[in-house]
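Novice: Can you read through this structure? Questions will come right after.
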Amino acid sequence: MTWLLPMAIILPITGAALTLVASRRPRVQRAISVTTISVQLAVEIVLLLQVQNDGPVVMHIGGWTAPLGVTLVADGLSSFMLVVSTLVSLAVLVYAISQGIADREVGPEVPISIFHPTFLILVTGVSNAFVAGDLFNLFVSFEILLTASYVLLTSGGTKERLRAGAPYIVVSLLSSLIFLAAIAMIYAATGTVNLADLSVKLAALPEGIVAVLQAMLLVAFGVKAAVFPMSAWLPDSYPSAPAPVTAVFAGLLTKVGIYAIIRVQTLLFPTGSYGTLLMIAALATMVVGILGAVSQSGIKRMLSFTLVSHIGYMLFGVALGNQAGLSAAIYYVAHHILVQTALFLAVGLIERVAGTTVLARLGGLAAAAPILAILFFIPAMNLAGVPPLSGFLGKVGLFEAGIEDGRVLALILVAGGALTSLLTLYAIIRVWGRAFWRPMPEINALDGDAGALQTESGRSLVVRRRVQRDAQRRVTQEKAAHLPIGMVGATTAVVTVGLLLTVFAGPIYALTDRAAASLLDRSIYVDAVLGAGEPLPPGSPPTESGETPAGSTGTEPAAPTGAGG
Amino acid sequence: MTVNLLLAITIGVLFASGVYLMLSRNLIRVILGFLLAGHGVNLLLLSVGTYDSPPIVGEATGDEQLSDPIPQALILTSIVITLAVSTFLLAMAYRNYTVTRDPELADDPEDDDEFADIDAGAGDE
């Protein structure tokens, strides 16, 4: 059932085209996008099961065998990432639709005709990145998802969003240019961009050249994954976007970068070079990120900093490079996608109920909106790594891998990880204590009548304050009771799946273990791509000189890799 | 593959000036910088291939040296992507100008709700 593989890309891109055609019919648009992503999710679950049973699924587009054609590959890691990412996309889509319906009663904030096609293109880019079997296809999928993300981030075109979006866009453009330059140099050195082919051919190159190529790729992916010191763009740009957009960005975009780092480090550069540098980067990412989070006074910005900080954990697992480390890193990626998305969705609900995400102006939400409090509390504790939740399991896996590794730096990283975990707990508890647990702050209740207060006696002032605070709480309760069901439902779904990751930690860890093992045994991937090729199409046999006819290359530029320069 | 020094210098100058322009706050300069750096990378891709031999037309006969079509295919894709991204950038720069009447990006963090709370929260500890 190889045909299932390209469906993960064809479905959302077709959906994007259809929603663009139907841009004047919001209801049709909503139906199309929800259907497409649901079907896509079903296909990917089947694909995941198939990969678990039969090994990697490989497809050579147009019958051009690797390393000539465009190859799509789904191995254990890819298929797992596909399922998790599409699940999150579906939940965010439902949330966004529900918010959009509700918002239009007040006034349109998000131009809805643009949102659906752009979102589906973003999903296409993410899926394509996970199944790309060659570097250039990976570059194209990065561009697809980045361009979609530019549009989503600046949607509405307000001054604030443009200010916040522009640095993100410039940084992304620069990293794309570095990636493309790296591809050009890799092609110059090896004559191929196919990942499986590269993993064979790079081994024959001099050490210095390989180091340069690897460094370029790591810088390009490091910017995307927000690895310190290339992470400053993230907390600046994410908070200003609409809640569902921030949620999907936080969940997926940085993880695509992490996926690319995992793929490249295991498949192309298995010698573990730059391991020490990656470990230092992981430590710096964790500690600097979380120190930023602790000092924030707005929830969105605080969460953006924890997002950066926890990228360090995944990088830690990759840097270790042993099976336990990789397995824990993959588990942690899934955990982090779900938890960050859930938190940002919950923050969207907070913003809706309380009208702000600024800690100083929030308070009393646990009493006013208990369901919202639960929806925030569970992923928050999960993020902080409180036992027995999946954040704890992921971190324990990473620490075990670090101790197994035994190097001094690895042990320092374990300590740094524990410290980061505690500081995350502190940052989260600070939000919980202020926004949910304490009573409603009075600065809100006393808005606008400071002049009247001066003439009142102390006693009537107290009474007046109490009355106003009660009124405020009633308004909040009113708003909390009228939260759109889709928004709450989508958030609940993501929180629940995050909990399932804890409940079924055994089977899922077994799955990530297998994925990590097949990452380390590169021959599985290489044989699947290079060995299992379909025959060349009739009429285009390789010629004697080893050159191949270039029938399709001109019209399908994302394509193939040559037999030699 | 021969290394063409002139081409290498051109690529380096394009990339350097492109990156320099992209560091500016003026969005028009950013666009120009992106275009320059994009051309630099495209030239790099071009220099990867063999550009002094005939293109592949039909099926090759014998062992004559033909140029490698792959880098050209990669450049085509890259040019298309550059076009799409610069279209978006132009739209964004225009939008920024209509909103702020200034080709430069606004620098007004106090407008940001999450910054504003630093003052609001000061007396609340």
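The values are calculated or read from the model by the stated rules, or taken from the named source; none is laboratory data. This one's a predicted model, so the numbers in the text were calculated from it and none came from an experiment. Cβ coordinates were reconstructed from backbone atoms using ideal geometry, including for glycine residues, and neighbour counts include every protein chain displayed. These area figures cover heavy atoms from the full protein model, side chains too; ligands, DNA and RNA do not enter into them. Shrake-Rupley method; radii C 1.70, N 1.55, O 1.52, S 1.80 Å.
Novice: Hey, rough spin-label estimate for A:Ala17 and A:Val462, points 7 angstrom out along Cα→Cβ, what's it come to in nanometres?
Specialist: 7.2
Novice: For the interface of chains B and A, what total accessible area is buried with a 1.4 Å probe, rounded to the nearest 100 Å²? Can you show the working numbers first?
Specialist: Values: alone 9350 and 21610 Å², together 26310 Å².
Counting both chains, the buried surface is close to 4700 Å².
Novice: Starting from the Cα of A:Trp3, step 7 Å along the direction of its Cβ; do the same at B:Val80; then give the gap between the two resulting points in nm.
Specialist: Simple spin-label model gives 2.5 nm for this pair.
Novice: Still on this model: Taking R0 as 51 Å, what FRET efficiency do you get between A:Leu422 and A:Lys159 from their Cβ-Cβ distance, rounded to the nearest 0.05?
Specialist: 0.85
Novice: Starting from the Cα of A:Lys255, draw a straight line to each of the lysines and keep only those under 24 Å, dropping any in the same chain fewer than 8 residues away.
Specialist: Cα-Cα hits under 24 Å: A:Lys224, A:Lys300, A:Lys395.
Novice: Still on this structure: Rounded, prolate or oblate for the range A:1-101? Axes are the square roots of the Cα gyration tensor eigenvalues, ordered a ≥ b ≥ c, and the cut-off for rounded is a/c under 1.5. Spell out each step's value before the answer.
Specialist: Details: a/c = 3.23, a/b = 1.73, b/c = 1.86.
Cα axes put the range A:1-101 in the oblate bin.
Novice: Rounded to the nearest 0.05, what FRET efficiency do A:Ala211 and A:Glu404 give with R0 = 22 Å and r taken as the Cβ-Cβ distance? Could you check?
Specialist: About 0.25, to the nearest 0.05.
Novice: State, to one decimal in nm, how far the label point of B:Leu6 lies from the label point of A:Val46, with both points 7 Å from Cα in the Cβ direction.
Specialist: 5.8
Novice: Counting only protein heavy atoms and using a 1.4 Å probe, what share of the accessible area of the protein assembly as shown belongs to carbon plus sulfur, as a whole percent? All intermediate terms of the calculation are to be shown ahead of the outcome.
Specialist: On the way: 17470 of 26310 Å².
It is 66 percent, rounded to a whole number.
Novice: Subtracting the Cα-Cα distance from 0.36 nm times the residue separation, let me have the gained length for A:Leu500 to A:Ala204 in nm, one decimal. Before the final figure, lay out the partial values.
Specialist: Working: separation 296, 0.36 × 296 = 106.56 nm, distance 4.48 nm.
Full-extension gain reported as 102.1 nm.
Novice: Just the accessible area per residue of the protein assembly as shown, please: how many Å² with a 1.4 Å probe?
Specialist: On the way: 26310 Å² over 690 residues.
For the protein assembly as shown, the solvent-accessible area averages 38 Å² per residue.
Novice: Using the beta-carbon distance between B:Ser24 and A:Glu478 and R0 = 41 Å, what value does 1/(1 + (r/R0)^6) give for FRET efficiency, to the nearest 0.05? The partial results should precede the final answer.
Specialist: On the way: r = 48 Å, r/R0 = 1.18.
Once rounded, the FRET efficiency stands at 0.25.
Novice: Binned at 20 Å from 0, what are the whole-percent values of the Cα-Cα distance distribution for the protein assembly as shown, short to long?
Specialist: 18, 51, 26, 5, 1, 0
Novice: On a C-alpha basis, how far is the centre of the range A:394-441 from the centre of the range B:79-94 in Å? Whole number, if you could?
Specialist: Going from one Cα centre to the other spans 41 Å.
Novice: Let me ask you something else. Rounded to the nearest 500, what is chain A's calculated 222 nm mean residue ellipticity when only DSSP H runs of at least 4 contribute -39500 (n - 2.57) each, over all residues?
Specialist: On the way: 24 runs with 402 residues, N = 565.
So the helix-based figure for chain A works out to -24000 deg cm²/dmol.
Novice: Tell me, which longest segment in chain A has none of the trypsin sites (Lys or Arg not before Pro) that fall in DSSP loops with at most 15 further Cβ atoms within 10 Å?
Specialist: Details: sites that count: A:Arg24, A:Arg407.
Result for the longest clean stretch: A:25-406.
Novice: Place +1 on the Cβ of every Lys and Arg and -1 on the Cβ of every Asp and Glu in the protein assembly as shown, take the dipole about the Cα centre, and give the residue among A:Ala334, A:Gly133, B:Ile70 whose Cα lies farthest towards its positive end.
Specialist: Of the candidates, A:Ala334 comes out farthest on the positive side.
Novice: log₁₀ I(q)/I(0) of the range A:52-189 at q = 0.21 Å⁻¹, via Debye over equal Cα point scatterers, no solvent, to two decimals?
Specialist: Taken in order of the listed q values, log10 I(q)/I(0) reads -1.30.
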